[in-house]
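Below is one structure, written out as C-alpha cells; the observations come after it.
Just so it is clear, none of the values below were taken in a lab; they were calculated from the coordinates. Every value quoted in this text rests on a predicted model; they were computed, and no experiment measured them. Note that we place each Cβ from the backbone using ideal geometry, even for glycine, and neighbour counts take in every protein chain shown.
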Amino acid sequence: MTAPIDQHNETKKDVTFRVFRFNPQVDSKPYFDDYTISVERGITVLRSLNYIKEHIDASVSFRAFCQAGICGSCGMRINGLSQLACTTQVWDVLVKSKEPGIIKIEPLRNLPLIKDLIVDMDPLVDKMKHYSNWIDSTMPEASMGQKEFLISEEEFLRYDKATDCILCASCVSECSILRANKEYVSPAVLLKSYRMNVDSRDAIHEPRLAELVKDHGVWDCTHCYRCQEACVKSIPIMDAIHGIREDAIESRGVKDTSGAKHAEAFMSDIEKKGKLIEATLPIRTNGVVWTLQNLLPMAVKMIIKHRTPPPPPLVKSAKGIKVFRELFREMTEHVKQDHKSHKK
Amino acid sequence: MKRYAYYLSCINESMTKEVDRSIELWQKELGLEFVKLHEGTCCGGSNLDYVSPKHFALVNARNIALAEKMGLDLIVSCNTCLMTIRSAKKKLDETPELKKEVNDILKKEGLEYRGTSQVRHLLWVLVDDVGLDTIRKKVKVPLKKYRIAPFYGCHILRPSTVLGHDNPVDPTSLDQLIEALGGQTIPYKHKNRCCGFHTLLVAEQESLNVAAEALQEAIQAKADFIVTPCPLCHTSLDGYQAKALKHAGVETSIPIFHISEMVGLALGYTEKQLGIKRHIVG
C-alpha cells in the first residue's frame, strides 16, 4: 500500500503563473500568459517573477526593488488580492487558488496601466500634493537647523502606525469608492493626511482639513474596510479616516458638510429616541430641494409598498428612554471634561 | 430550544420590517427563541464611533449589558449593527479604564458590561448553532430551481479583526446556507464587495456605481435573485436598484432577498407571508 503524499513534506512543485499582459503600444487588448516553473517551499511570488523574467520571458514587466517589504514597489494583485509580491509566498497563495496549481497575477486596480503589471502612480502622487501630505513646520525659519523639534511620545503614538505606510497602493487598488470615481481622494492619501493633521508641529492643519471635507474627500468613504483589510502593514486605515472625520466635526462644526450633518444625526437621534429617525435623514443631510429632486420617485414606490420609514413623531422610542437619556447626558459631561483637560 | 437576545436594528423597525417578521415565522421550527431587546438603542450605525467615541462605547456596552443581564448572547441581523457593536465590545474588552468609566454610568440603570455575552449574526447562528444538517432536514420546499448570488456585504466580513467568522477574501457561510436550503450558488465576484449604502446620502453617484456593479454581475450570471444577510445592503440593492441600473444603462432587474426570507421560502412559507411583496423590485 502506498502512503498518501504528505503535502507538508513536499519541498518542490510545478506552479503556473498566469500573468496579465498588455502593452498599449502594441496590443489591442489585454491577455494572459502562462509560465510554469518548479518552485521550492519558501519562495516568494517576486522571486518567481524574477526567475520567469530572467529565464523564460524577458518582456514580462513589473516593478520591484528592495525584495523585503520596505520599498512598496511590487504591489500587484495575486489571486485577486492586492498585496506585495516580495512578502507573499507562493505556497501560501497556492492553497487558496481557485484553479489548482495556478496563481493569477494582475496589476493593481484604480490606477492607469502602463504595461503588464506596472501601473502609473502619478495620480496618487498628484493627490498627495493636492492634499498637502507634508508637514509645513510651525518652527520659525531662523530656528531651523539650530535645534531639534521634538514631540511627546503620547503624541507620536497617535500616528505611529500611520507612519508605517510604504505607499504600495494596495489599499488604493482595493478601494470601493475609487473604483466608482477616480477623483476620490483614496485611502493612502487620507491616511497620510491624518498623519500630518495630528502632528502638533504642522502649520497647515486648517487648510488641509478644509480640502479634505470637500467633494471627493473624507466624507465619500463608504466604510467598506477593504483598504484596511488589504494593508500590507496592517495599518488601521479606517481609524485614520474616522480620525479626520472626528477632527472635522470638532474643528469645523456639525453643520459644515452633508457628511458631518449625516453623521451628527445619529448622535442627536440616539439621545432623543434611542433610535435613528430615518424619514428625515435625507433632508437633514442634504436639505429639502436635494431630497425632492433625488428621492421623490423612490419615495413614491416606497409608499406604494408600505416601506416608508415612520415620520418623526411616530418613531417609537426605545423602552426606558428616560433613564437612557440620563446616562447619555452623563457621558456628555464626561466628554466635556475630557475636552477641558485636553485643552489645558 | 436555543435562546438568544435579539437586537432590534433601526432599519428593520422602519423600512425592512419583513426581516423580523419572517424570522418570527420560522424561529421555533429551527429550535430558536429570540427574545427582543426592546430597551436596546441604535448602535450608532458606523457613525457614532467617530462623532463621539465615548458615547459609542456607552451605548453599545449598554446594548450588550442588557443581553448579559438575561445571560444570553446578542444576535444581530444587520451587518453594520454587528460590526459596530462588536467593535465597541473589542474596544471595551481591550481598554479597562473605558470599561470602568462606562460601567460607572451603567450601574445607575442596574446594568454592568462584563464582556460575557457574544455578539453574533443571525447567519452564524443558522450555520453554526442550528447546523446545516438540521436545516437540510427541515427544508420542505428545496430551492433547487433557483440560481442564487450570495452577497455577504462588508460588515459581516471586515474588519476581520472584529468579525473573524468568514475569510473576508473567500467567505463561505452564506453559500453553505443556500446549498443546505437546496439552492444553487453562482460564482459571484461581488460576494465580498460593497453595496455603497453608507454614502448614498453623501456621495450618491459613487454609491450607485458601486451597487450597479454588484447588480450587473448577478444579472449577467443569470442569477434568479441576490440574497444578503444585511438589510442595509438590501436597501441599496433593492430600493436604489432602478436608479443604479438606469444610470448604468441596464434595463433588466433582479430581486433581492433577505436570508430570513430565503429560509422561510425553503420552509414552505409564501412570498406574501414573508413580506417579499414589500420589496421595491418584484
Q. How many percent of all Cα-Cα pairs in region B:100-251 sit more than 18 Å apart?
A. 64 percent
Q) What would the Debye formula give as log10 I(q)/I(0) at q = 0.16, 0.18, 0.21 Å⁻¹ for the alpha-carbon point model of region A:110-149, no solvent? A) -0.59, -0.64, -0.72
Q. So who's got an amide H within less than 5 Å of the one on B:GLY31, skipping anything under 5 residues away but keeping other chains? H placed 1.01 Å off N, in plane.
A. none
Q: Let me know the Rg and Dmax you get for chain A when you use only its Cα atoms, in Å.
A: 25.7, 84
Q.
Could you tell me how many cubic angstrom of Cα convex hull volume region A:11-118 has per residue?
A. 100 Å³
Q | Calculated FRET efficiency for the pair A:THR36/B:ALA248, C-beta based, R₀ 22 Å, to 0.05 | A | 0.05
(Q) Please give me, ordered by residue number, the GluC sites (Glu not before Pro) of region A:78-182 that lie in loop per DSSP and have at most 16 other Cβ atoms within 10 Å. (A) A:GLU148
Q: Evaluate the protein assembly as shown: find the radius of gyration of its Cα atoms, find its Kirkwood radius, and give the ratio Rg to Rh.
A: 0.97
Q: Please identify, among B:GLY164, B:GLY45, B:GLY239, the residue showing maximal mean-square fluctuation in a Gaussian network model of chain B using a 10 angstrom Cα cutoff.
A: B:GLY164
Q | Of the DSSP H helices in chain A, those whose Cα atoms cover at least 18 Å axially and whose Kyte score averages -1.0 or more | A | A:237-252, A:258-273, A:281-304
Q) Taking all pairs of different Cα atoms in region A:209-308, averaging 1/r and flipping that mean, what Kirkwood radius in angstroms comes out? A) 15.5 Å
Q. Relative contact order (percent) for region B:2-121, with alpha-carbon contacts under 8 angstrom and 6 or more residues of separation?
A. 30 percent
Q) Under a Cβ-Cβ limit of 4.7 Å, which cysteines in chain A have nobody to pair with? A) A:CYS74, A:CYS86, A:CYS165, A:CYS168, A:CYS175, A:CYS221, A:CYS231
(Q) With the crude spin-label approximation of a point 7 Å out along Cα→Cβ, what separation in nm comes out for A:GLU211 versus A:VAL300? (A) 4.4 nm
Q) Going through the DSSP H helices of chain B, which span 20 Å or more along their own axis at the Cα atoms while scoring at least -1.0 as a mean Kyte-Doolittle hydropathy? A) B:53-69, B:79-94, B:204-220
Q) Quick one: which of B:LYS2/B:LYS69; B:LYS91/B:LYS243; A:LYS272/A:LYS336; B:LYS2/B:LYS90; A:LYS161/A:LYS272; A:LYS182/B:LYS17 span more than 27 angstrom between C-alpha atoms? A) B:LYS91/B:LYS243; A:LYS161/A:LYS272; A:LYS182/B:LYS17
Q | Highest-MSF residue in chain A out of A:LEU191, A:LEU295, A:LEU117 [GNM, Cα springs under 10 Å] | A | A:LEU295
Q.
With θ taken as phi - 60° and the coefficients 6.51, -1.76 and 1.60, list the Karplus ³J(HN,Hα) couplings across region A:65-79 in order, rounded to whole Hz; mark glycine and proline as x.
A. 8, 6, 6, 9, x, 10, 7, x, 7, 9, x, 7, 8, 10, 6
Q | Cα convex hull of region B:1-113, projected area averaged across orientations, nm² | A | 7.1 nm²
Q. Relative to the Cα centre, what is the charge dipole magnitude of region B:2-121, using +1 at the beta carbon of each Lys and Arg, -1 at the beta carbon of each Asp and Glu, and rounding to the nearest 20 debye?
A. 160 debye
Q) Given a Förster distance of 60 angstrom, what is the FRET efficiency for A:LYS13 paired with A:LYS272, based on the Cβ-Cβ distance and rounded to 0.05? A) 0.45
